[in-house]
Amino acid sequence: MRKPTGPLKGTTPLPPLGGANSFARLSMLFDIVRSLNSIIDLETLLNQIVASAAEMLEARGGALLLVDEESGELQFKVTSGMAASQLRSASLPVDDRSLEGSIALMGTACIENDVQQRPYLFGLATRQGEYRVKAVAGVPLQVNDNVMGVLEVLDKVAGADFTGDDVKLLGALSDAAVIAIENVRLYEAEHRHAQRLAQAYEELHNTYQATLHALTGMLDTRDVATHGHSIRVVAYTLRLANEMGITDPAYLRTIEQGALLHDVGKIGVADGILRKTGPLDEEDWTEMRAHPELGYKMLKDIDFLRQSLPIVRHHHEHWDGTGYPEGLKGEQIPLEARIFSVVDAFDAITSDRPYSKARTYEQVVDILLKESGKTFDPAVVQAFISIPKEEWQRIRDSVLPI
């Protein structure tokens, strides 16, 4: 929109703001501006601007128009007062055929105290319906040389004319309104961008999760003895992590991925060992004990899984340092791996295997307490025991494989 070139013909000159009422009105303006800056929803903000303008100038109603980016026309966004229904949904070209169009075209404030005697169409409204607008005061909503819209008030309640002081106040409100509108638009644009990013991330995460579940499903088909194990231990691990005070969603997500993939290294273990129904000999155990390090090597170059590797690599470490693959001891073992090792044992002990029958919850507790401070972190064992037996059963029932 072109730079303002001067005042509109026929408009009332705008004298300096003054008069006995000026302090009260300025105080009201200050309060209005402060309230506008606290609004972060555009529709709410535009309605508040019009309501505030009408209240401050003691007008029967008002309207706010914004320039549409596609059509270039002024569109009524908010209307109030007796002429509201006539103005709503109308649009106007930015030219001198309407009062609002002229204000936007020239970028200059305007007072018309006898609209019917002027050549302006007054936004199509004065030719429609029963109510006839008599007086209008309008100002541009302007950022530097660019007019983004028009703010106007219609007919004083007392029937008096609009004055230069009125338009000075309306202009000051317009300046504050423009800043508030731009801030809200920026906020909403950033919010939409953040939502799009979050949606894209969630879709990518879901794709990754589907891939991981497919991978663990392949392991289940190879090792029928542990069918459903990976899905169950994920649910167990998240519950125990929460009991240990872990609530950060990002951390929980990496724990979830690590639990799901903990045995991915068994892809490199021979079927004869995985499906063996009897005890493993020393040679078998040598190959089996290699699966945490193999899983780590398989996944270490995948960026989105890098934070999940502690469980994959260290879920067979022991609190007393006798585990593998690195013989870590105590708090050298990552917390998530210490949490996982407890629920991994819980699921193994309470599940039927070719070489052992499922044991009871009470038997599990006995084993965990005996191994507390040896195989398992004592704090994690206590957290596990603090969760009721019935809750563990509910979790198991909810994730039983089909």
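The values are calculated or read from the model by the stated rules, or taken from the named source; none is laboratory data. Because the structure is predicted, anything quoted here is derived from the model rather than measured. A quick note on method: Cβ atoms are made from the backbone with ideal geometry, for glycine too, and the neighbour counts reach across all protein chains shown. All accessible areas refer to the heavy atoms of the entire protein, side chains included, with ligands and DNA or RNA removed. Shrake-Rupley method; radii C 1.70, N 1.55, O 1.52, S 1.80 Å.
Observations, loosely collected:
- Three-way shape label, region 280-330, alpha-carbon gyration tensor, a/c 1.5: oblate
- Taking 0.36 nm per residue of sequence separation and removing the Cα-Cα distance, the Ala250/Asn146 pair yields an extension gain of 33.0 nm.
- Flagged links, alpha-carbon separation over 31 Å, of Lys297/Lys370; Lys357/Lys389; Lys266/Lys357: Lys297/Lys370
- Note on His191 and Ala270: with the Förster distance fixed at 51 Å, the Cβ-Cβ geometry gives a FRET efficiency of about 0.40.
- Alpha carbon centroid spacing (whole Å) that separates region 245-264 from region 330-402: 17
- Kirkwood-based shape ratio for region 300-379, expressed as Rg/Rh from alpha carbons: 1.03
- Put a dot 7 Å past the Cα of Ser386, heading toward its Cβ, do the same for Arg97, and the two dots end up 7.5 nm apart.
- Summed residue charge, Cβ within 15 Å of Met56's Cβ, Lys/Arg positive, Asp/Glu negative: -3
- Share of carbon and sulfur in the accessible heavy-atom surface of region 237-293 [1.4 Å probe, %]: 54
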